[in-house]
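Have a look at the structure below, then the notes.
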Amino acid sequence: MSRNLILGAGLSSLVVLAALLSFVWTPYDYAALNIPAKLQTPNAQHWFGTDHFGRDMFSMIMVGARTSIAVALLAVGIGMSLGVPLGLAAAARKGSWLDELIMRGNDLVFAFPSLVIAILITAVFGAGAVNAIIAIGIFNIPVFARITRGAALSLWEREFIMAARVAGKGAARISAEHILPNVANLLIVQGTIQFSLGILAEAGLSYVGLGAQPPTPSWGRMLADAQTMVSFAPHLALIPGFAIILTVLGLNLMGDGLRDWLDPRIRVARS
Amino acid sequence: MKRIVNRGLVSGLALSAALFAGAAWAKDDITIAMQLEPPHLDPTSAAAQAIDSVVYVNIFEGLTRFMGDGSIVPALAESWEISDDGTVYTFKLHEGVTFHDGSAMDAEDVKFSLDRARAEDSANAQKALFAGIDSVDVVDPLTVKVTLKEPNGNFLFNMAWGDAVIVAPESIENIKTAPVGTGPYTLGEWVQGDKIVLNRNPGYWGAEPALEQATFKFISDPTAAFAAMMAEDVDVFTGFPAPENLPQFEADPRFQVLVGSTEGETILSTNNKQPPFDNIKVRQAMAHAIDRQAIIDGAMFGYGTPIGTHFAPHNPAYVDLTGNSAYDPDKAKALLAEAGFPDGFETTLHLPPPSYARRGGEIIAAQLAAVGIKAEITNVEWAQWLETVFKGKNFGLTIVSHTEPMDIGIYARPDYYFQYDNPAFQELMTTLNSTTDPDKRTELMQQAQRMISDDYVNGYLFQLAALSVAKAGVQGLWANAPTAATDLSAISWSE
């Protein structure tokens, strides 16, 4: 295992642990306002200080991690569960009208700038975590469809697939039993990358007020709220900012490390 | 007598203006920033306060006008006489007043303006101001007689509103983009989305103002507002959107901070027809669940005065009724149980963009949650707010500041968005409108304040503070905002 993978997995699991822990324990109630205690800098009672309503920043970051992870995870889930079958189907029927339909549909979605469309979706259907998940999820579909189709196409040429066809297996069964396991590595790596992009997209949406609505904490909204206070309470912006940076960095390092680790060619070269 | 005093004042102003003009080093232009850009420039056909902020007493003038302290003084009307029964107002107009296009302003224009505003198909946003007018008659070119259906003690006040300014029939067609008024400034240039430039009107009938040119810049983002002011890109920011930044300006010798009062009663508007808010016990419970001081400190960083009814605290007729809805969560819970909601209920809370609403909303949602009321927050833009809440009445709760002066009358309109329908209150307002005796009026206004407070129509939060930041050398700015206005004639540079 490479150093990237260890560092990335460490950072990512730290965030995941914080999110999981927040279900059972946070130092303070994340939604409890305590206005006399507002704008404290980090100290022994409030490890990350307090915000403009006197809420404990550490608790908010923990619960915010939960929001980010939940939105990104579900969005990647939507992308994978729709994109992978589409990609497999397109590869199995290469060159057919179905392939064309799926891939041109993907091109269509790809052609739009994702965050702008996500803003459009949430503006039309209302701001909130669920619509943010759907908006981000839709843009994950073509990513997974393409990568699956590309990898599957080269597999279809291989002898063991030929053997399966000779044995009388249908396209759907071959896709599920032989193709899918062989593209799983790629999907895991891509999933990690998409996950980090999902975290960024969620932060972007909630920064413009279209993500999870208050009082549910979200890192992007914490940044937006801190904007006018940067000059006298910089920790309000720095802390959620670093949370986003470290999470995305961790996931990207992990994705890189996983690719190196799972890629058979590199593995062979290394051994 | 009134006339003499007035002339004296005018010539005094003219003299001081002349002295200023003689001083070669005096800066004679200014850049004033505000948050919202006007949708157009006709104050007589829209409710947008941003229009008045630019044009009121700069481009357009009415028969009377507001001063910075809230008093009403003569403007285009030099003097007036009121008949003994209080129904006939005879206005004597100033002589030699011309519109920006050179045409004379006379009694015909006054008649045109008032008739236009009160017409059946009028687009005026405050038609109620003119509802009591029975007829407008031209006596001679400088005398106009307004007959009211019944005495109205508010009439001179009504005529001071931006919605009642005098316009000319010749230029009415393009008034929204090419406003032609009688004021001391003319429209120079309007770069949409950026700025409006006003130039001094050389043919102005009154005293010449000190400033040659004024530029209104529109900066909606609070962070950008802070940056523009700090970088001295603008000279003044009226209605500064980020109260949290004011201490920094106060500490900086380059700037001055003006904290005054506005006519903005900031309230937790409640949909009185939507269950469970049709139950007075529920509304009372909410009133006791709210801690006003926490909202003022948390959302406005201490700027604002708690209110207990829909009335401005700086008004002499104001009654402090905050005790009627003192913060008492236990009482709130008990009242909810009495009303049949021991476990609370769920509702919606629509929040428009200003920080008093967005931040105040988060605090109120937390305070309501503490007594069991779960208010789901939806942040909306102004257009959406007008559509859903104001016109559609499709909301449970919302937070908004009612910035019109003396607007307790909205509670007499059962179809107004918060849908308070109380015949006793409507009757009280009718009586008030037909009463001219000041003591009697005060009594009636206090009665009205008590009635809506006792009915817990809305959650009364605080009076919005007027927050302005200016460079140290700017003088003559209005600290208070009795109406939306930027009185350029009063502004000058100290060196």
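The values are calculated or read from the model by the stated rules, or taken from the named source; none is laboratory data. Not measured: the values here are computed from a predicted model. Glycine also receives a Cβ, built like all others from the backbone with ideal geometry; neighbour counts cover every protein chain displayed. When the accessible area is computed, the model is the full protein with side chains, heavy atoms only, and any ligands, DNA or RNA have been set aside. Shrake-Rupley method; radii C 1.70, N 1.55, O 1.52, S 1.80 Å.
Structural remarks
- A simple spin-label model places pseudo-atoms 7 Å from Cα toward Cβ; at B:Gln384 and B:Ala370 they are separated by 2.9 nm.
- Entry note, chain A: the mean residue ellipticity at 222 nm calculated from DSSP H runs of n ≥ 4, each adding -39500 (n - 2.57), is -24000 deg cm²/dmol after division by the residues and rounding to the nearest 500.
- Taking every residue in B:361-368 and counting other chain Cβ atoms within 10 Å of its Cβ, the average works out to 3.
- When the charge dipole of segment A:64-233 is built from unit charges on Cβ atoms (+1 for Lys and Arg, -1 for Asp and Glu) and taken about the Cα centre, the candidate among A:Ala203, A:Ala172, A:Met222 whose Cα reaches farthest toward its positive end is A:Ala172.
- Whole-Å distance, taken between Cα centres, linking segment B:308-380 and segment A:162-218: 44 Å
- The charge dipole of segment B:261-465, taken about its Cα centre with unit charges on the Cβ atoms of Lys, Arg (+1), Asp and Glu (-1) only, comes to about 200 debye.
- Positive-end residue, segment B:50-182 charge dipole about Cα centroid, Cβ charges, pick of B:Val138, B:Ser113, B:Ala123: B:Ala123
- Carbon and sulfur %, accessible surface of segment B:215-312 computed with the full protein complex present, 1.4 Å: 53 percent
- The value obtained for segment B:261-465, namely the Cα convex hull volume divided by the number of residues, is 104 Å³ per residue.
- Estimated FRET transfer efficiency (A:Ala37, A:Ile245; beta-carbon r; R0 22 Å; 0.05): 0.20
- Charge dipole (Cα centre; +1 on Lys/Arg Cβ, -1 on Asp/Glu Cβ; no other charges) of segment B:36-166 amounts to roughly 220 debye.
- Once B binds A, the 1.4 Å probe can no longer reach about 1500 Å² of accessible area, counting both sides.
- Pairwise Cα distances in chain B exceed 37 Å in 31 percent of cases.
- Förster radius 41 Å - calculated FRET efficiency between B:Glu212 and B:Ser135 (Cβ-Cβ, nearest 0.05): 0.45
- Inter-probe distance in nm under a simple model that places probes 7 Å from Cα toward Cβ, at A:Ala184 and A:Phe160: 1.2 nm
- Whole-angstrom gap from segment B:444-471 to segment B:258-279, using each part's C-alpha centre: 8 Å
- Solvent-accessible surface of segment A:64-233, averaged per residue with a 1.4 angstrom probe and all protein chains in place: 44 square angstrom.
- Fraction of the pair-distance distribution of chain A above 32 Å, Cα-Cα pairs, percent: 35 percent
- Range in chain A, longest, excluding exposed chymotrypsin sites (Phe, Trp or Tyr not before Pro) [loop by DSSP; at most 14 other beta-carbon atoms within 10 Å]: A:48-231
- Residue list for segment B:288-304, given a label point 7 angstrom along the Cα-to-Cβ vector of B:Lys331 and an amide N cut-off under 15 Å: B:288-293
- Computed helical MRE - 222 nm, chain B, DSSP H runs ≥ 4 contributing -39500 (n - 2.57), nearest 500: -8000 deg cm²/dmol
- Overall Cα dimensions of the protein assembly as shown, principal axis frame, Å, largest first: 110, 62, 53
- The calculated P(r) of segment B:36-166, using every Cα pair and 5 Å bins from 0, goes 2, 11, 20, 25, 22, 14, 5, 1, 0 in percent.
- Too-long pairs where the Cα-Cα distance tops 19 Å, listed order kept, from B:Lys176/B:Lys393; B:Lys273/B:Lys333; B:Lys331/B:Lys374; B:Lys195/B:Lys391; B:Lys92/B:Lys145: B:Lys176/B:Lys393; B:Lys273/B:Lys333; B:Lys195/B:Lys391
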